Amino acid sequence: AAMVKETIRVYARVKPLGRRQQAGIYSVDDDEKSLSSLEIIMPRDLADGFVNNKRESYKFKFQKIFDQEAKQDVVFDNIAKPVAECVLAGYNGTIFAYGQTGSGKTFTITGGAERYSDRGIIPRTLSYIFDQLQKDGSKVYTTHVSYLEIYNECGYDLLDPRHEASRLEDLPKVTIMEDPDQNIHLKNLSLQQATNEEEALNLLFLGDTNRMIAETPMNQASSRSHCIFTIHISSKEPGSATIRRSKLHLVDLAGSERVAKTGVGGHLLTEAKYINLSLHYLEQVIIALAEKNRSHIPYRNSMMTSVLRDSLGGNCMTTMIATLSIDRRNIDESISTCRFAQRVALIKNEAVLNEEIDPTLMIVKLKKEIQELKDELVLVTGKQRTSELSQEELLQLDELIEAFLEDNDPDSTLDVGADMRKIKYCFIRLKQLMNDSKISGEKLLLQHNSEEKDTNKEVGKEELKKLKELLKQRDNEINILVNMLKIEKKRAQEALFQLNSVSAGSTALEQPLWVNLEESQSPASSFSLKEAKDFRSSVHRLPCLSSQTGGKTSLGCQEAFEVFKQDHADSITIEDNKELLKQR
């Protein structure tokens, strides 16, 4: 599927001043190629010891800035229309408004009730979407809407069709479920089908009526809760099994101001705390997303961030509108809203085309295709086909195969016509025949083998006899050798004994040792001849050892010989041979 990577687009809108408000000083600069910049001047008396050690000028960049006189239709065309187009094409979209209470969020998102031209982004988007859907006859569309309010970390379904609530608590509670793939599902949130603009606007009106509004000195109709109006669109081409599903969230966040500003007791203070908490978590998510190598993003901390999970850093095209009320009393809040917006502008989203295959539609489509192919076959062959071959046809094929196998002509062929069923049957039959002939061949072999075995037995007996005789002969030879060695050992010991009594330089050990052995050797003892020679040559070298040390050595000949034996390259082999001989 196609993917669009882009950062969240951030816009600013400045609210017109009320009658009693003192204007703050700001300027909008549209010169730059793609971005606009907003400069807010902090008056001296306010800056004193308040923000950042008397810094007086703040500059912020936005995609576009809508000044006080900007009309609702211009805002819609620039901000919401591009997102709505993407949603119609199968991508997810989100537009959210962020700002302090009374800065024009609800006016921007929902609109004012006084004049038709004051309609906000939601009604204009609905009207644009249904307009486009009617024009496009190539696809079948279904549209649903849902309206969720989050108040003090609880979700409420504003489109509950059973009644219009007098209290928010009367509405169905919405809870969050997460599936194994970490997708968020809202349990208890009703999806209401809207087949045209009128139905959709009626649902919006019902939801707005159900919206809880509390009085604060800040604003006569201030919204103390977050509201999310969602348009769900699914589309498919006739005859296709591919469905595109996309959704557009239009979000009106609660006021971002600090608690102290509202100046009210008890009940509203807990609200402000909660609302600020969920905005605080929203800010944390945004900070985490803006950091390069953060693996964990704290979406789960609040309901708000869970619901907007895809919109922030996920599969979605997201746009933010920062609403500003730049009068002297609210300059600090305007600056903090702009700061938040600059952070949001760093977040990258990856929007994917949401396409899926509907299995039931796929099955219907494939069944139809199979029937068409069957009909085509009947046309080509002129015969109606069943899935099985008849008994008659099978016998006919068996005869053909037999004739084919008996025919000695190398060019003969087996022709059963252009029928896959018959061709398959022939292959299976030939395989069976092959296997049968293999089995009968194996039986013959077994018979043949058992006959051979009897003759082999006689031959075996003769062999055994010969081998036994050979073994006896070898045993005798070994015995002779062992005896000879014993004699030699004795002699060697005597010779060594004599040597010890003679001085170290003596060469008494030169010859006589092995002479007898060589004379008495039988051919069978040749295996030890090499070792014997090695041993002898090593014995010859002994005198050198003593002459090198100048004859004054106190090392007895025997010790020297031991040292030599250990150093000798073949000493291990010799030891092994000795062991072998002893065993024998």
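On the protein heavy atoms, probe 1.4 angstrom, tell me the percent of accessible surface of segment 1-159 carried by carbon and sulfur.
Answer for segment 1-159 is 47 percent, counting heavy atoms of protein chains only.
Any idea what % of Cα-Cα pairs in segment 290-332 are farther than 14 Å?
66
Sorted from largest to smallest, which semi-axis lengths in Å does the alpha carbon gyration tensor of segment 88-137 give for its equivalent ellipsoid, taking the root of 5 times each eigenvalue?
25, 16, 4
If only Cα atoms are counted, what is the Rg of segment 421-495, and what is its Dmax, in Å?
In order Rg, Dmax, the Cα atoms of segment 421-495 give 31.2, 99 Å.
If I stretch the segment between ASN408 and LEU389 completely, what's the gain in nm (0.36 nm per residue apart, minus their alpha carbon distance), one decimal?
Extending this stretch completely gives an extra 3.9 nm.
Considering all projection directions equally, how large on average is the shadow of the alpha-carbon convex hull of segment 331-397, in square nanometres?
10.4
Using a Förster distance of 41 Å, how high is the FRET efficiency between LEU366 and GLN432, based on the Cβ-Cβ distance and rounded to 0.05?
0.80
Where the accessible area of segment 446-490 is counted over protein heavy atoms with a 1.4 Å probe, how much of it, in %, is carbon and sulfur?
57
Sorted by average packing, counted as other Cβ atoms within 10 angstrom per residue and highest first, what order do 470-480, 343-353 take?
343-353, 470-480
With r defined as the distance between the Cβ atoms of ASP181 and GLN583 and R0 fixed at 56 Å, what FRET efficiency is calculated, to the nearest 0.05?
In this case the efficiency is close to 0.15.
Under a crude label model (7 Å from the Cα following the beta-carbon direction), how far is ARG343 from VAL459 in nanometres?
9.4
Take the alpha carbon atoms of segment 330-441, find their radius of gyration, then divide it by 2.2 N^0.38 Å using N residues; give the quotient.
2.51
Say a paramagnetic label sat at a point 7 Å from the Cα of LEU191, along Cα to Cβ; which residues of segment 341-363 have their backbone N under 11 Å from it?
No residue qualifies, since no backbone N sits under 11 Å from the label point.
Could you give the accessible area per residue of segment 67-187, probe 1.4 Å, as a whole number in Å²?
Normalised by residue count, the accessible surface of segment 67-187 is 45 Å².
With contacts defined as alpha carbon pairs under 8 Å and 6 or more residues apart, what's the relative contact order of segment 1-41 in percent?
Normalised by residue count, the contact order of segment 1-41 is 27 percent.
Can you tell me which of 24-30, 446-452, 244-250 comes out highest on packing, and rank the rest after it, using the mean Cβ neighbours within 10 Å?
Going from most to least packed, we get 244-250, 24-30, 446-452.
Starting from the Cα-Cα distance between GLU153 and SER27, subtract it from 0.36 nm times their residue separation and give me the gain in nm to one decimal.
41.6 nm
Just subtract the alpha-carbon distance of ILE357 and GLU399 from 0.36 nm times their residue separation and send over the number in nm, one decimal.
Using 0.36 nm per residue and subtracting the Cα-Cα distance, I get 10.2 nm.
Taking square-rooted eigenvalues a ≥ b ≥ c of the alpha carbon gyration tensor, is segment 94-202 rounded, prolate or oblate, where a/c under 1.5 means rounded and, failing that, a/b exceeding b/c means prolate?
Note, shape of segment 94-202 comes out oblate.
Where the convex hull is taken over the Cα atoms of segment 285-386, what is its projected area averaged over directions, in nm²?
Value for segment 285-386: 12.8 nm².
The values are calculated or read from the model by the stated rules, or taken from the named source; none is laboratory data. The structure presented is a predicted model; accordingly, all values stated were derived computationally and were not measured. Neighbour counts run over all protein chains shown; Cβ positions are idealised from the backbone, glycine included. We work out accessible area using only protein heavy atoms, side chains counted, and drop any ligands, DNA or RNA first. Shrake-Rupley method; radii C 1.70, N 1.55, O 1.52, S 1.80 Å.
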